[in-house]
Structures are given as C-alpha cells and as structure tokens.
Amino acid sequence: MNTSAQRIIVPLHAVGLSDIALVGGKCASLGEMIQHLSPRGVNIPDGFVITTDAYYQFLEQSQLAPYIRQQLDKIDHHNVESLRRVGLSIRQAISNARFPHELSHEIIAAYEKLSQQYDQTDTDVAVRSSATAEDLPDASFAGQQETYLNVRGKAALIDAVRNCFASLFTDRAISYRKTFHFDGSPVGLSVCVQKMVRSDLASSGVAFSLDTESGFREVVMINGSFGLGEMIVQGAVSPDEFLVFKPTRREGHAAIIEKKLGVKDKQMIYGDDTDQRTRVIPVDEKLRRRFCLDDAQILQLADWAIVIEDYYSTLKDHWCPVDIEWAVDGLSHELFVVQARPETIHSRKRADTLTEYILDPAPKTLLGQGIAVGDKIATGKVCILYSLDKRIGGDEFTPGDVLVTDMTDPDWEPIMKQAAAIITNKGGRTCHAAIVAREMGVPAIVGCVNATDYLTNGLEVTASCAEGEEGRIYKGRVPYTTSTIQLSDLPAVRTPIMLNVGSPSTAFSHANLPHRGVGLAREEFIINNYIKAHPLALLQHTTKNDPQLTADIKTLIRGYDNEETYFIQKLSYGIAKIAAAFYPQTVIVRFSDFKSNEYRNLLGGHHFEPQEENPMIGWRGASRYYSAAYKPAFGLECRAIRHVRETIGLTNVAVMIPFCRTVGELKKVQDTMAEYGLARGKAGLQLYLMAEIPSNIILAREFARHIDGFSIGSNDLTQLTLGLDRDSALVAHLYDERNEAVKTLLSSLIRTAKAAGVKVGICGQAPSDFPDFAQFLVEQGIDSISVTPDALIKTLQSIHALEQKMASIYQMGEAESEK
C-alpha cells in the first residue's frame, strides 16, 4: 500500500482521539476504545476507516467543491423550502458524480481483507458516516449523517460510501451546523466500515451513563428492543428500559433499580436481497412480553458504560458522560458496543442552578399523555404533520406551533427546532424526537399512541413535562410560571432538612436539592401507581373463581416470572429509585399504610377487604402485618426491602412502621419482619416508628426500647388528639396541627426521645404548610424535619432566620454573663 493509500484506508484499531481530523469523531472514538478498553473486556466489532483524505479526493476529482460552496451561500436559513432545495441539489450532484477508480480499488481491497478475517467472501458490514465536527463537547452532531446497515458486496459498499458523502449535506445536517455555528467551518467526512453484529436475530439499543431527563449522574440508563437498533432511534417502538445504579454496581452488587417493559411490536431484520438491506416485521406476541435483555446482559452493559465513562472522564480531566449504541449477536450471543460518544446536553448544564416550571393549579382539561422529555412547559397551536411535504389541512407549519406527528427522523430537525413543543404517537426516551428535543431545549411528549387522532389543527394546547415522567397535554393555554434558584444562594442551617418523596419518577430531579436524605417514602404510591393490584389478589386470585381477575393479573405481570416476583421487583424498583437518588443519605421507607377502603380500590381488592364504618381508625398499618389474613402480603414487602438492601446494595434504606397502637403490637411486627429475614440491626437496618397516635407519645419511653427513632406523623396525630375525622368537611375548621394540645404532645415526645437516646424527626405535612410550625419544632430541639420538595426553600429560610435569632440571643446571654 503506497503512502497516499495509507491515508485513504486505516485499520479501525490503529486510530484514536488524536486522529479526529483524519477519521472524524465516531471513528476516533471507536479506535480509541479498541486500543484501550478492549483489553478491559469491552467488546467492539473490528473494521476499517475510509479517511477524510478520501472524501476530499472525491470532491477534488469530481470538481464539486466550488459548486457546493456556491449552493450553501444561497440558503435562506429562515426558509425551510430554500434549505430543502439547496440540500437536494448538492446531494444529487454527489450521487451523479463518478467515483474515482483508484479510491474504489483501495476501499474494495480493504473490504476483501475484512471479509477474509471473518472467513467470508462478502461479509455484512455497517457503513457509518464519521464527520470531523462530531462528538464535540458542545454539540454531538449525533445522527446528522447517514449509517447504512447490512451492506454486502463491493458495489453495494461503494454506493453506501458515496451516500455517506452526500449525507453531509442533508437538510438536517446543514441546519444543525448553522444552529451550532459550524456553517462557516470546513467539515470533512470519514466513513467507518464495521463488521455487522447480527442483532437482527437478537436485540440492540442505546445506553447512557446518566439519566437522560434529570441528568442524574449515578445511573446507567439502557433502552433496547428486538432486532436492529434503528427502530428505537426512529421511535417506531417503545423500547424496554433498564436502570443500573453505578455506586453499588462498582461494589459488585446486582444493582438493577428499574426494569420497564416496552411495546416492542415491530423489529427490523436483514432484507431478503441486496436491493432491500433491511425490512420490518411484526414481533411474535410471546416475545413482546419478554425483556430484550436478561439481567446478566444488563449488568454487563452497565459495567462497560462505567468503564467507558471513567476512561473518557480521566482523559478529559472532567466528568464525561457517554452515549453508547450496543447490539447482541444472535448467532454468537455476544454483546457488543458498536458506537460511543460524549453526552452533550446535561454535561453542559450548571449543576448549581435549578429552574422549575410550575403549572397553574386551577382545574384543567386533560386531552392525552405520554412520556415526558425534559421538564419544561410550552403552549401553542397544534400543527399535525404526517410528512414533511404536506400538513393535513390548513396552512404550513409556522414557528411557535406545537408539532404533532406519528414519529420523526433526522430530516425533521429544521422544523423541530422552530416548534414550541413536539408531540409524537410513537417513541421512547431515546428516540430521535426525544434526543433532538433535549438538545434544542424544546419540551416533547413522545409515545402518546394516538395524539394525531384526538388533537386537531389550530387547537391551542399546553404541553407539560413538569409533572414527573408522564407528559400531559391540556386543552388551551394553561398559565404557568418559572422559578430559577441558585442553590449556592440558599442558606445553610444546623437542623437537618430531609425530603418527603412520594413518586420514584421525580426522585432524580430532586436529588440535587440541599438535603439530608428522605424522611418519608410511602410504599402506597408505588403500590398504587406501579403495581396496581392488591397483593393478596396477586397471591391468591386463583382461589376466588373470578376469571376476569385472573386474566387481568396475567396481563399485568407480563415480562415477570410470576405474581410474587412481579410484586417484589416492582416495589423494590420503586424504593430503589428513591434510595439511589439520595444515596448515601438515609431514606426512611414506610411500610404500606392503605386503609381498607383504599385497598378495595386496587385490582382484586374487593375480594380481600372488609367493609369498615371508619377505615381511618380501623384495620391499617401495624395491625395488618402480623395478622393471619394479611401476613403473606406483608412478607412480600419485607422481601422487597431485603432485595433493595442486600441485592442492590442500598443499605441507606431504613424502614418505618405506621399506625402502631401498642408496644406489644410493635413486638409482633418485629417478630414477623424477622420471620421474613428483615431484622432490626441486621446489616445496620434501622427501624423507625410513626409517632401518630397519642399512645405513641404517652408510652414513648417503652416504645423507644425497641426502635432507632420516632418520626412524627402530624396529620393523624392531630385528628386523634382533637378527636376529629380529618376527612370530614363538617369539622375541618377545627383541624389545626398548631393547636396547643398537639404541640404539648410533641414537646413531650422530643424530651422523652432525647432522654432515651433515640432520634426524633417529623415527616408530616405541617412543617411544609406552616413555617412557624417548623420553627416551633426547632425550638424544641427536634433532630430533623422532613418536608415536601416544593416547601424546601421557604422552610430553609424560616429555620435559618430562627437559628440566627437563637444564636443572637445566645450571644447576648453570653455577653451579659461575662459582665
């Protein structure tokens, strides 16, 4: 091979990050990993690189460079039609140009050598564009140029390379370079020719070494589906989603903290002939109910994501999260990384700034919902587009419209960046629409199923991504406000402030708030929203002669081995997600505290729950756990906690017993917990008691002998102290946590707990609602206060003011005593 040829073709394993000008960002990254991370177990398919010298040689010999510059200068970037016209003319010119013979000869020779390496005549390859303005710190350029899968044969390879060259001038690539101010810079294109992984016979997808919505950096997020990964990028399927917690995975724990089964009804496989490289087929119904990766593969992929992130972070001397494409070969069953690049959205955000979008609390008309992308809110008129060529009725898309479509691909980007919001029928959190929306800072709601049916052109809507993982579409322009806070400006306080976290879906977004852990995580929310069935109905539905119940439960548990596994894993994932967000700070998880009327509302609940006159003071909390009727269900809760602490490694989880009336009852619950392997003190497990019944305060000294701390439940304590039903509007005017009787009990509890050497905190609603009540508790010497996230700032400010005042009084006293 002569000198010029050596710069035309380079082995993939021979390049690295110092070669970006020659091989582009994608190839440089792959080569770097093959050299330095393959020895550490990261499996990457081999291949070769057609360098940027080849691209420039192609332009020179075809004499296209002056024409391309002339055409680009003609673009009106405010006019989509102008962009499309110029892009098409450049691509056609490249497609019609003769491919230099010497260049094609070198490429074919390298392809033959790669085929021989795999003992094949014409091996299947992926042909990937790799631009020099790619995988940069401030813009990833991901997906801007084309990739061609399952390319076989010399002629097909040359065509694919030519098409890669042309893809440097797709509408979206030209527009993207303009958006990120690269339109005036020369951009070269290299091509990676890489051995195909037969994921058409298995599964593929993407992985990020952070949470893509919140930017929470301690997880690996994996999306996957059956077949070639293009279906995920296109948003044609809703993929399976997995989360792995990095800190405890580094310690060797099986740290999977979430598994969500997607809607994988289609898959892309190899085509039947050379004219059709890929085709889409339905997925078998039984296969849809299975996860596309097993636990061992999930953990292997997470390990590689951690290794890759650590390597790049060390290399760049700062945190460098990564975006990975992976594939499982259906023939060898091996897992491969086929691409990796720096993540460029959350890694650029300022961690000390918090911007909240707050929707008006007034009643709203909900039109539909899907998966929230980002955390913003936007309003605008609906514009339904089924293709880039035609809007369904009315005028063309105008900037500020809410773009509604089935799904997007990279060609839509010039329009997407002008949208107020994006709504799609299909897709998941890593589909094309989601990726572009995040990078452009546009709120998006994807996977809405049928938004194009219930929304109409010209209808004014509000797209809200500020309410957790679920994105919601409301009728009309709903008012909202924004609040930006510099976390560094918040006052420091001596009293530990914890958070009440109800929903696992919001935990990551609250993790960067100043906190000392979680004072209350309720199991009820997880059971109601994630499990959606009465635990006894899961365990005993076959005994109730209710075919519909059995059918509903079988549908509910799809993807899981059995009913027990479903409940334990679903509950453990919900708890683990909260515990991971606030790790290593203590997270106090309260065992389930549904009332019998609330349990009846769960699937199958009417078969197992009594009709009580006053469920508020009936069969709830501790009295359930050791009872013969409910004990098997409580055992599932204990096993879920054990899974979180022992398997996942989140030993920061403590447990709390609610509504425990007597000391004898507390002992029975502890005996039941131990029966299921969950004993106080085992591996440092702390046990708290909800102090919400007057007997808890009156007998606080006796209760304290068996627990590590009290947590005041001000809601129930107030109703039981004042003898009123807090659900009754007739006596609502008497309900007040600041009543002297309640405050007297609290003062007594704090004194007794301190004398007994156990902790006492509060997790009830009162400190969140009334800053003066929080101040009262600080004056009494409470050990911690737990509030809802939306009340954190005002609570910090009020406690800071009180602590300053108390310090001032103390200093004055000291000065007087010195006199």
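Values as computed for the structure displayed
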{"item": "Residue under evaluation ALA65, criteria (1) under 21 Å from VAL127 (Cβ atoms); (2) of a type in the set (A, V, I, L, M, F, W, C); (3) free of Cβ contacts under 8 Å to residues at least 60 places away in the same chain, criterion not met", "result": "(1)"}
{"item": "Per-region count, region 388-413, residues outside any loop (DSSP other than H, G, I, E, B), open to solvent by 10 Å² or more (accessible area, probe 1.4 Å) and at pLDDT 80 or above", "result": "1"}
{"item": "Single condition ALA683 does not satisfy, out of (1) of a type outside the set (Asp, Glu); (2) closer than 30 Å to THR721 by Cα; (3) part of a helix (DSSP H, G or I); (4) within 36 Å of the chain's Cα centre (by Cα)", "result": "(2)"}
{"item": "Residue within region 418-434 that is at pLDDT below 95, in contact with a Pro (Cβ under 9 Å, 6 or more places away or on another chain) and open to solvent by 30 Å² or more (accessible area, probe 1.4 Å) present", "result": "yes"}
{"item": "Residue that is least open to solvent (accessible area, probe 1.4 Å), among those in region 113-131 that are farther than 11 Å from LYS195 by Cα and in a helix (DSSP H, G or I)", "result": "GLN116"}
{"item": "Search result, residues across region 751-792 that are open to solvent by less than 50 Å² (accessible area, probe 1.4 Å), under 15 Å from ASN500 (Cα atoms) and assigned to a helix (DSSP H, G or I)", "result": "ALA766, PRO767, SER768, ALA774, PRO789, ALA791, LEU792"}
{"item": "Scan of region 304-327 for residues that are more than 18 Å from the chain's Cα centre (by Cα), modelled with pLDDT of 95 or more and of a type in the set (Asp, Glu), ordered by number", "result": "ASP310"}
{"item": "Selection within region 66-87 - aliphatic (A, V, I, L, M) and either open to solvent by less than 30 Å² (accessible area, probe 1.4 Å) or within 30 Å of MET196 (Cβ to Cβ) (or both)", "result": "ILE68, ILE75, LEU83, VAL86"}
{"item": "Any chance ALA54 is in a helix (DSSP H, G or I), of a type in the set (Gly, Ala, Ser), over 30 Å from GLU396 (Cα atoms) and open to solvent by 10 Å² or more (accessible area, probe 1.4 Å)", "result": "no"}
{"item": "Options PHE165, PHE141; residue that is open to solvent by less than 10 Å² (accessible area, probe 1.4 Å), closer than 22 Å to ASP411 by Cβ and modelled with pLDDT of 90 or more", "result": "PHE165"}
{"item": "Some residue of region 741-750 being in a loop (DSSP other than H, G, I, E, B), open to solvent by less than 80 Å² (accessible area, probe 1.4 Å), modelled with pLDDT of 95 or more and aliphatic (A, V, I, L, M)", "result": "no"}
{"item": "Strands (runs of 3 or more DSSP E) enclosed by region 437-507 - at least 1 residues per element that are more than 20 Å from ILE371 (Cβ to Cβ) and among the polar types (S, T, N, Q)", "result": "480-486, 497-501"}
{"item": "Qualifying residue in region 718-734 (condition: within 40 Å of the chain's Cα centre (by Cα), within 20 Å of ARG494 (Cβ to Cβ), among the β-branched types (Val, Ile, Thr) and in a helix (DSSP H, G or I))", "result": "no"}
{"item": "Matching residues, region 512-531, being hydrophobic (A, V, I, L, M, F, W, C), over 30 Å from SER596 (Cα atoms) and either at pLDDT 90 or above or part of a strand (DSSP E or B) (or both)", "result": "none"}
{"item": "Complete set of residues in region 713-729 that are open to solvent by less than 50 Å² (accessible area, probe 1.4 Å) and touching a residue at least 24 places away in the same chain (Cβ under 8 Å)", "result": "GLY713, SER714, ASN715, ASP716, LEU717, THR718, GLN719, THR721"}
{"item": "Residues located in region 767-796, provided they are touching a residue at least 60 places away in the same chain (Cβ under 8 Å) and of a type in the set (A, V, I, L, M, F, W, C)", "result": "VAL778, ILE782, ILE785, VAL787, LEU792, ILE793, LEU796"}
{"item": "Residue tally, condition free of Cβ contacts under 8 Å to residues at least 24 places away in the same chain and either within 30 Å of ILE324 (Cβ to Cβ) or within 17 Å of the chain's Cα centre (by Cα) (or both), over region 435-482", "result": "0"}
{"item": "Residues of region 567-608 that turn out to be closer than 17 Å to PHE634 by Cβ and among the hydrophobic types (A, V, I, L, M, F, W, C), as a count", "result": "9"}
{"item": "Residue in region 105-128 that is at pLDDT below 90 and closer than 26 Å to THR179 by Cβ present", "result": "no"}
{"item": "Single condition ILE75 does not satisfy, out of (1) β-branched (Val, Ile, Thr); (2) part of a helix (DSSP H, G or I); (3) modelled with pLDDT under 90", "result": "(2)"}
{"item": "Residue count, region 347-381 (criterion: surrounded by 18 or more Cβ atoms within 10 Å (Cβ to Cβ), closer than 13 Å to ARG477 by Cα and either hydrophobic (A, V, I, L, M, F, W, C) or modelled with pLDDT under 90 (or both))", "result": "3"}
{"item": "Checking PHE99 against (1) modelled with pLDDT under 90; (2) among the hydrophobic types (A, V, I, L, M, F, W, C); (3) open to solvent by 10 Å² or more (accessible area, probe 1.4 Å); (4) not in a helix (DSSP H, G or I), the condition it does not meet", "result": "(1)"}
{"item": "Neighbours by Cβ (under 8 Å, 6+ apart or cross-chain): first from region 645-670, closer than 22 Å to GLY713 by Cβ and touching a residue at least 24 places away in the same chain (Cβ under 8 Å); second polar (S, T, N, Q) and buried (at least 24 other Cβ atoms within 10 Å of the Cβ)", "result": "MET656/SER711; CYS660/ASN696"}
{"item": "Hits in region 755-795 - residues which are modelled with pLDDT of 95 or more and under 17 Å from THR506 (Cβ atoms)", "result": "none"}
{"item": "ILE693 being surrounded by 21 or more Cβ atoms within 10 Å (Cβ to Cβ) and closer than 20 Å to GLU613 by Cβ", "result": "yes"}
{"item": "Which numbered condition LEU520 fails, given (1) surrounded by 19 or more Cβ atoms within 10 Å (Cβ to Cβ); (2) in contact with an Asp or Glu (Cβ under 8 Å, 6 or more places away or on another chain)", "result": "(2)"}
{"item": "Residue count for region 597-638, restricted to those that are closer than 18 Å to LEU666 by Cα, open to solvent by less than 30 Å² (accessible area, probe 1.4 Å) and not aliphatic (A, V, I, L, M)", "result": "12"}
{"item": "Close pairs (9 angstrom Cβ cut-off, 6 or more residues apart or separate chains): within 17 Å of ASN715 (Cβ to Cβ) in region 508-529, open to solvent by 60 Å² or more (accessible area, probe 1.4 Å) and assigned to a helix (DSSP H, G or I) anywhere", "result": "GLU524/GLU598"}
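The values are calculated or read from the model by the stated rules, or taken from the named source; none is laboratory data. Quick caveat: nothing in here was measured; it's all calculated off a predicted structure. All Cβ positions, glycine included, derive from the backbone under ideal geometry; neighbour counts span all protein chains shown. The protein model used for the area step is the full one, side chains on, heavy atoms only, and it has no ligands, DNA or RNA in it. Shrake-Rupley method; radii C 1.70, N 1.55, O 1.52, S 1.80 Å.
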